[in-house]
Amino acid sequence: MTKRVLITGGAGFIGSHLCRYFLEKGYNVIALDNFITGKKENIKSLLNHKQFTFIKHDITKPIKFKDRINYILHFASPASPIDYLQYPIQTLKVGALGTYICLGVALSHKARMLLASTSEVYGDPLVHPQPESYWGHVNPIGPRGVYDEAKRYAEAITMAYQRYHKVDTRIVRIFNTYGERMRLNDGRAVPNFIYQALHNKAITVYGKGDQTRSFCYVSDLVEGIYSLLLSNIKTPVNIGNPFEMSILEFAKKIKEMTSSKSRIIFKDLPLDDPKIRKPDISLAKKKLNWKPVVSFETGLTRTIDWFRNSI
Ligand code: UDP
């Protein structure tokens, strides 16, 4: 029997990559999205695929499915700092109520549910790199709190359903990811810098640019998620690329790779912006036999080409 996978946030950046990946592997895919940050464009080419179904739905509202669902991937959520500043309540609701609804579907269908969590659960970390055992350093009432705490709650309710209702669950903690179909105006460093560089506009580095991030190419992330889904690891697993660099170095790299004439300018650092971030991926390496394989140059070249063609 062909397995059926439900992907919430299926029209989003990562969600739309997951839809394609599961279709290529022969699964039936049902994608849900309410389009607050997802885009129809991202799934347009899948709509005629006979194993693909799209339902426009807000996952904070109950939904029932006739056909048996085998796997649920809960990826719906605003996910960039400007998105969760613009949609704070929706961000909290999709992490809390959305996860609750998904777990209810998992319980009634005896489906395995994978929650998309985030490196933001570690907040502005005091431990570096961040292993899964670190409990984090989060400001619950700051501007990022709506996302961080929604995902922390989502992890808590997922573990509660696993322990109390015996729902089969997985949790992936996703670190900064980039690639094709990122939203141009999502405000993140990758689309901002590439857009600015391609238009020879000033590249806006926040703060001094000495804060660090570690960027993972989307196909590596998707492989990691798939391995985790099929594994028996029931506690959170970091998936990301430990290749760390400062944001200023990152801006310079994009300027160089696009042969841009842009100046680099410095703007105020947003409140609670994490100073350092790098995943400890020992667990994924050991238990999933997974590690990222796409180099920074290769991933960035593909991403820049995609932006060049879609701007
Ligand atoms: N950033 C920046 N200029 C921009 C956008 C982002 O310097 O135009 C910085 C941001 O302050 C953060 C890092 O780049 O330190 C990564 O930001 P992003 O929004 O991509 O993701 P985050 O890791 O903060 O969720």
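The values are calculated or read from the model by the stated rules, or taken from the named source; none is laboratory data. All figures in this text were calculated on a predicted structure; none of them were measured in a lab. Counting neighbours? That spans all protein chains shown, and the Cβs are built from the backbone with ideal geometry, glycine included. Only protein heavy atoms, including side chains, enter the accessible area calculation; ligands, DNA and RNA are left aside. Shrake-Rupley method; radii C 1.70, N 1.55, O 1.52, S 1.80 Å.
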> Applying the selection to the range 218-261, what residues are of a type in the set (Asp, Glu) and either assigned to a loop (DSSP other than H, G, I, E, B) or more than 14 Å from the ligand (Cβ to nearest atom) (or both)?
Replying inline: Asp220, Glu223, Glu256
> Looking only at strands (runs of 3 or more DSSP E) that fall completely inside the range 1-84, which ones have 1 or more residues that are under 28 Å from Glu120 (Cα atoms) and open to solvent by 50 Å² or more (accessible area, probe 1.4 Å)?
Replying inline: 52-56
>> Against the definition (at pLDDT below 95 and either within 16 Å of the ligand (Cβ to nearest atom) or more than 19 Å from Glu132 (Cα to Cα) (or both)), how does Ile264 come out, yes or no?
In response: no
> Out of the range 122-143, which residues are in contact (Cβ under 8 Å) with a residue 60 or more places away in the chain and surrounded by fewer than 23 Cβ atoms within 10 Å (Cβ to Cβ)?
Replying inline: Asp124, Pro125, His128, Pro129, Pro131, Glu132, Asn139, Gly142, Pro143
>> Need the failing condition index for His199 against (1) over 22 Å from Lys151 (Cα atoms); (2) within 12 Å of the ligand (Cβ to nearest atom), just the number.
In response: (2)
> Scanning for something among the basic types (Lys, Arg), touching an Asp or Glu at 6+ places or on another chain (Cβ under 9 Å) and under 24 Å from Thr204 (Cβ atoms), does the range 229-251 turn up at least one residue?
Replying inline: no
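Name the single residue that is farthest from Arg152 (Cα to Cα) among those in the range 85-119 being within 16 Å of the ligand (Cβ to nearest atom), in a helix (DSSP H, G or I) and not polar (S, T, N, Q).
Per the stated criteria, the residue is Leu85.
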> What about Ser282, is it open to solvent by 20 Å² or more (accessible area, probe 1.4 Å) and of a type outside the set (Val, Ile, Thr)?
Replying inline: yes
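For (1) without any contact (Cβ under 8 Å) to a residue 12 or more places away in the chain; (2) surrounded by 16 or more Cβ atoms within 10 Å (Cβ to Cβ), each residue gets a yes or a no:
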position: Tyr226; (1), (2): no, yes
position: Leu229; (1), (2): no, yes
position: Lys234; (1), (2): no, no
position: Lys252; (1), (2): no, yes
position: Asp268; (1), (2): no, no
position: Arg277; (1), (2): no, yes
position: Lys286; (1), (2): yes, no
position: Ile304; (1), (2): no, yes
> Which is touching a residue at least 24 places away in the same chain (Cβ under 8 Å), open to solvent by 60 Å² or more (accessible area, probe 1.4 Å) and within 16 Å of the ligand (Cβ to nearest atom), of Arg183, Arg213, Arg152, Arg173?
Replying inline: Arg152
> Among (1) polar (S, T, N, Q); (2) in contact with a His (Cβ under 9 Å, 6 or more places away or on another chain); (3) open to solvent by 30 Å² or more (accessible area, probe 1.4 Å), where does Thr158 come up short?
Replying inline: (3)
